[in-house]
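Trainee: Quick one: this structure, given as structure tokens, is what I'll be asking you about.
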Amino acid sequence: QKEVEQNSGPLSVPEGAIASLNCTYSDRGSQSFFWYRQYSGKSPELIMSIYSNGDKEDGRFTAQLNKASQYVSLLIRDSQPSDSATYLCAVNRSGSSNTGKLIFGQGTTLQVKP
Amino acid sequence: GAGVSQSPSNKVTEKGKDVELRCDPISGHTALYWYRQSLGQGLEFLIYFQGNSAPDKSGLPSDRFSAERTGGSVSTLTIQRTQQEDSAVYLCASSFRVIDEQYFGPGTRLTVT
């Protein structure tokens, strides 16, 4: 079992729709969760961070965390063609064992069609 | 403010040569990380620095890889006797503290011929 799992996609949604990206993780000691967006040929760009159970909203983006189910998701409202990219889920342990090491999923490719 | 910078942006080298990759983190960030991204492996952690110390080197793939950080700022990743399997994009990231968000530089694309 991979430490961080994502559906590779591609996930295709029409412009203006809600895109839902999902991620599961295996280590219950994980306490910091991040979503990165990566355009082809570019480096990852941080979109959202979430540390507590529940929802966190930032503009068109909402991150959702459920530690009991070991599940984190990213919702993109009013999807735009410019949102087409690969979305990477990353997980970090906290506490005494924390070294800042991020474990990344393989990424989900999102295609937003005009 | 200025983000993480890396140089060179591209490096082509012959098998067996040594290469040095440089990372300049965001000013004030105490933590610095090196990752590698290749088609088959995704994005993988290499090494983490807190100040000039490297508490976690667990991701370095072999003893041909080494890294240092000086003055709590610039870091250099050195690969000795490069092999074709070292071809990848090498990414540097920094954060204010180890628990904070990490911001990536543009990466160095290394091609070993």
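The values are calculated or read from the model by the stated rules, or taken from the named source; none is laboratory data. Here the structure is a predicted model, which is why all the values come from computation and not from measurement. Note that we place each Cβ from the backbone using ideal geometry, even for glycine, and neighbour counts take in every protein chain shown. Note: areas computed on protein heavy atoms with side chains; ligands, DNA, RNA excluded. Shrake-Rupley method; radii C 1.70, N 1.55, O 1.52, S 1.80 Å.
Trainee: Distances over 18 Å make up what percent of all Cα-Cα pairs in chain A?
Mentor: Summing the P(r) tail past 18 Å for chain A gives 47 percent.
Trainee: Give the average, rounded to an integer, of partner chain Cβ atoms located within 10 angstrom of each Cβ in B:93-105.
Mentor: That average works out to 5.
Trainee: Averaged over peptide A:30-43, how many Cβ atoms belonging to another chain are found within 10 Å of each residue's Cβ? Before the final figure, lay out each step's value.
Mentor: Working: counts 0, 1, 5, 0, 2, 0, 4, 0, 3, 0, 0, 3, 4, 15.
The per-residue average across the peptide is 3.
Trainee: Please tell me which of these pairs span more than 28 angstrom C-alpha to C-alpha: A:Lys42/B:Lys15; A:Lys67/A:Lys113; A:Lys2/B:Lys17; A:Lys101/B:Lys11?
Mentor: Numbers: A:Lys42/B:Lys15 26 Å; A:Lys67/A:Lys113 33 Å; A:Lys2/B:Lys17 34 Å; A:Lys101/B:Lys11 26 Å.
Going by Cα-Cα distance, A:Lys67/A:Lys113; A:Lys2/B:Lys17 fall outside the 28 Å limit.
Trainee: Which of the listed residues, A:Thr108, A:Leu11, A:Ser32, is farthest toward the dipole's positive end in region A:1-111, when Lys, Arg count +1 and Asp, Glu count -1 at the beta-carbon?
Mentor: Going by the charge dipole, the pick is A:Ser32.
Trainee: Still on this structure, I have one more. In a Gaussian network model over chain B where Cα atoms closer than 10 Å are linked, find which of B:Asp56, B:Asp18, B:Asp100 has the largest mean-square fluctuation.
Mentor: Comparing B:Asp56, B:Asp18, B:Asp100 in a Gaussian network model of chain B, the most mobile one is B:Asp100.
Trainee: Let me ask something else about it. Convert each backbone phi in region B:87-100 into a coupling constant with the Karplus relation 6.51 cos²θ - 1.76 cosθ + 1.60 (shift: θ = phi - 60°), then list the ³J(HN,Hα) values in order as whole Hz, x for Gly and Pro.
Mentor: Residue by residue, region B:87-100 yields 4, 4, 9, 9, 10, 10, 9, 9, 9, 5, 10, 5, 8, 8 Hz.
Trainee: Still on this structure, I have one more. Could you check how much of the accessible area of region A:31-101 is carbon and sulfur, as a whole percent, using a 1.4 Å probe?
Mentor: Of the solvent-accessible surface of region A:31-101, carbon and sulfur hold 43 percent.
Trainee: Can you tell me the relative contact order of chain B? Whole percent, Cα pairs under 8 Å, sequence separation 6 or more. Let's see the in-between values first.
Mentor: Values: 286 pairs, mean separation 42.0, N = 113.
It rounds to 37 percent for chain B.
Trainee: Next up: Nothing charged except the Cβ atoms of Lys and Arg (+1) and of Asp and Glu (-1): what's the magnitude of the dipole of chain A about its Cα centre? Round to the nearest 20 debye. Could the numbers behind the result be given before it?
Mentor: Working: 11 positive and 10 negative charges, 49 e Å.
My answer is approximately 240 debye.
Trainee: Evaluate the relative contact order of chain A (contact order divided by residue number), counting alpha-carbon pairs under 8 angstrom at least 6 apart; express in whole percent.
Mentor: Worked out over chain A, it gives 37 percent.
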